[in-house]
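Report on the following structure.
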Amino acid sequence: MAFDMLEAMTMIAREKNIELEAVIETLEASLLAAAKKKYANTDNISFKFDRKTNELLMMATKRVTNEVNEPDVEISIEEAREIDSSADLGDEVDIYIDYEAEFGRNAIASAKQILVQKVREKERDRIYDEYIDKIGTLIAGVVQQIDKGNVIVNLGRGESLLPLKEQIPREKFRQGDRVRALIIDVQKASRGPQIILSRVNNEFVRALFALEVPEIFEKVIEIRTIAREPGERTKVAVYSSDERIDPVGACVGIKGVRVQSIVRELNNERIDIVPYSSNPEVFVTRALAPANVVTIELNEAEQKMTVVVEEDKLSLAIGRSGQNARLASKLTGWKVNIMSDVEYDNSKHMEAELLAPVGQLEGVGPKLEERLSQADISTVQKLAESSIETLTKIEGLGQKTAEALIERSKEMVEILEEEYRKKKEAERAALKEAGKDKDKLSVGDVFEDDDDYVTEEDDIPKAEEPEVVEEEENEKKEEQGKTEEDSDEKV
């Protein structure tokens, strides 16, 4: 191999970011493929790279014999001794092959094509091995191309794809824009590794916080859970193992500089930072802020809770299109049912009126009623909410009986609720009718005493006569003044 060829191989290795040895191995494989087209047997062909001369030597190892029957693997004693004077029968001799002259231009062109293909495969394997370990990490690149909404991002050493479904709604990209995203998958494809990016994944938000908040990167503050509706709103629950550190304040930063940087990256997506609590009631209360929670009822078996808020804060707790309630449910892991204090009081009043002893249910005798009561199932409503597994644990109850009891109790509850609904509708109709009749006059509304009536004359105030006293006094004063003047003149 000439020196310039070695230099070319070195450049290829540097450009493709692969080892020089890998390029040499690839060249050896391509030359071996060319040799297979000429020789029937290539098992005795090998390669040796001479570091001193920077040449790749190709050789065929042949066995020394008196009579050559297979020229590809055998050599006569005379020819062998021309190569190595000490060669003897049965020895093996290495014969160097000038592959450029031996294989011809076509074979060399074929070897070159194989070399290019093998180098490309090596590069693809290198990219795959490099990025397969980076799944779940944040990466930055430059927008190279936009194709039907899908964004092709140049990562420097490879290309990646940001699909339309993994983009934040309503965000736009232009060629040359710098973009951050999360690597969510690396797939092998015929055209090379496909690196899939995402900006809607919850872990993307976590990675941004770790980038902006040193306490999270150092694991002094931990992000426990994230609930997100991309492009709209995100709730993040944070926790600090060090009581001296305020996790919310650290994430917000001075004058909100840290969280605002993340908000800008997320296309102005609103971010709520919530202090984490292992107490579900406290956690849900914080997650629903700024709405004030009045009371909470837990159903730990089904991971449900009923949250009661003030009537005027109901819309605030639920949020636009139920967004705040949905995110609070995702963040806490509980199914959250939000109602106003008025609705809650009405529901409790209805429950109190509808409660029916389990003994009223058809098929429940005194003995069965006693066993159900011992299992804390004293009402038809509780029986309707019970599971088959719970009932079959009671002595004397099989699966079919349990199924029948649950079915009948549900039917009875529906009947009671329907009767209650009709009763309330009738009460509302009666009140409405009473309100209409109240505006009408009846015999009892007529006053018997005329003094109780107010006439139009009573409504008009009497006109007061003009006062003339003041004018008369003024006239008297004037006359008195004239009399005093006359008396002065006489004196």
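The values are calculated or read from the model by the stated rules, or taken from the named source; none is laboratory data. These numbers come from a predicted model, not from an experiment. In this analysis, Cβ positions are derived from the backbone assuming ideal geometry, glycine residues included, and neighbour counts consider all displayed protein chains.
All conditions in (1) β-branched (Val, Ile, Thr); (2) part of a strand (DSSP E or B); (3) within 30 Å of residue 26 (Cβ to Cβ); (4) free of Cβ contacts under 8 Å to residues at least 60 places away in the same chain hold for residue 195, with the sole exception of (4). Would you confirm whether or not the stretch 201-216 contains a residue that is surrounded by fewer than 18 Cβ atoms within 10 Å (Cβ to Cβ), in contact with a Pro (Cβ under 8 Å, 6 or more places away or on another chain) and not basic (Lys, Arg)? No, the stretch 201-216 contains no residue that is surrounded by fewer than 18 Cβ atoms within 10 Å (Cβ to Cβ), in contact with a Pro (Cβ under 8 Å, 6 or more places away or on another chain) and not basic (Lys, Arg). Checked across the stretch 119-142, the condition of being modelled with pLDDT of 90 or more, among the small types (Gly, Ala, Ser), out of contact with any helix residue (DSSP H, G or I) (no Cβ under 7 Å at 6 or more places or on another chain) and surrounded by 13 or more Cβ atoms within 10 Å (Cβ to Cβ) holds for at least one residue. Where strands (runs of 3 or more DSSP E) fall wholly inside the stretch 35-91, the ranges with 1 or more residues that are modelled with pLDDT of 75 or more and under 59 Å from the mean Cα position of the chain (by Cα) are 45-50, 55-65. Could you say whether any residue in the stretch 225-233 is free of Cβ contacts under 8 Å to residues at least 60 places away in the same chain and either aromatic (Phe, Trp, Tyr) or surrounded by 14 or more Cβ atoms within 10 Å (Cβ to Cβ) (or both)? So far as the stretch 225-233 goes, no, none of its residues is free of Cβ contacts under 8 Å to residues at least 60 places away in the same chain and either aromatic (Phe, Trp, Tyr) or surrounded by 14 or more Cβ atoms within 10 Å (Cβ to Cβ) (or both).
Answer yes or no: is there a residue in the stretch 207-221 that is of a type in the set (Lys, Arg), in contact (Cβ under 8 Å) with a residue 12 or more places away in the chain and either in a strand (DSSP E or B) or over 30 Å from residue 123 (Cβ atoms) (or both).
No.
Based on this model, can you work out whether residue 165 counts as under 22 Å from residue 207 (Cα atoms), part of a helix (DSSP H, G or I) and outside the structural domain of residue 262 (by TED's automatic domain parsing)?
Against the criterion (under 22 Å from residue 207 (Cα atoms), part of a helix (DSSP H, G or I) and outside the structural domain of residue 262 (by TED's automatic domain parsing)), residue 165 qualifies.
Of all the numbered requirements in (1) over 15 Å from residue 307 (Cβ atoms); (2) touching a residue at least 12 places away in the same chain (Cβ under 8 Å); (3) in a helix (DSSP H, G or I), residue 346 misses one, and that requirement is (2).
Of all residues in the stretch 234-260, those satisfying the criterion of being surrounded by 15 or more Cβ atoms within 10 Å (Cβ to Cβ) and of a type in the set (S, T, N, Q) are 234, 240, 260. When residue 141 is tested against (1) closer than 24 Å to residue 229 by Cα; (2) assigned to a strand (DSSP E or B), just one condition goes unmet, and that condition is (1).
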